[in-house]
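Data block below; observations after.
All of the numbers you see were taken from the coordinates with simple rules; none came from a lab. None of these values were measured; they are calculated from a predicted model. Cβ placement follows ideal geometry from the backbone for every residue including glycine, while neighbour counts extend to all protein chains displayed.
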Amino acid sequence: MINFKKILLNTLFFSSIGLNAASITSNFNVIVNVPDVCIISTSPSDMNFGNYDVMSSTQLTSSTTFGIKCTDGTSYEMTIDKVSGSNEREMEDGNGNVITYDLTYAADGLAWGWIGSGDEVFGDSISSLIEETYTINGTIPINQNVPSGSYSQTNTLNVVY
C-alpha cells in the first residue's frame with residue numbers, strides 16, 4: 001500500500017528547496033571560419049594525339065577534361081604552364097626537333113595561357129558539392145616538317161584562388 005502522506009511530505013519538502021534556488025547564466029559564441037579552398041577533383045589525363053602524318057592535309061586534334069571544386073562563391077583562374085621545353089607550346093623529341101601545338105579552352109576556343117600571359121581562364125564556384133568540368137582541346141597544325149620519333153612536353157594545370 002502506498003503511503004500518500006510520505007509522498008505528499010517529500011513533494012512539499014523538495015518543492016520548497018527549489019523556491020530558494022538561485023540561477024546564473026553565461027552566453028558563449030559558436031564560431032567557425034570557412035576559408036576559400038579549391039581542389040582539382042579530377043585531374044586531366046595525358047593528351048595523346050596518336051600518329052602525326054607530315055604528309056596529311058588534316059590537323060590532328062585531341063582533348064582531355066578535368067574538374068575543379070571550390071568553396072561556394074570562390075573565384076579562381078586557371079592556366080596551363082609548360083614544364084619542359086624552351087618555347088611556348090612545343091613538343092620535343094630529345095634531339096632538338098620540335099612539333100608545335102595549341103591548347104584551347106573548349107567553351108570559347110581561346111588559347112589556354114600561362115600565368116601572367118593574359119590568357120587565363122576564369123571560373124566561379126557555384127557550390128562546393130558540384131564539380132565544375134573543363135575541357136582542354138589540343139591541335140597540331142599541318143605542314144610541320146619533322147623527322148620521325150616520339151615527341152612530348154609536360155604541362156602543369158594551375159588553379160589560383
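Here are the numbers:
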quantity	calculated
Packing-based order for 24-30, 53-59, 150-156, using average beta carbon neighbours within 10 Å, highest first	150-156, 53-59, 24-30
Where labels lie 7 Å past Cα in the beta-carbon direction, separation of Asn20 and Ser41 in nm	6.4
Local electrostatic count, Gln144, Cβ distance below 14 Å [Lys/Arg +1, Asp/Glu -1]	-4
Rg/Rh (Cα only; Kirkwood hydrodynamic radius) as it applies to the stretch 38-160	1.02
Most positive-pole-ward Cα, Val159, Asn145, Ser128, against dipole of the stretch 38-160 from beta carbon charges	Asn145
Residue-span extension gain [Asn97 to Thr135] - 0.36 nm each, minus C-alpha spacing	10.9 nm
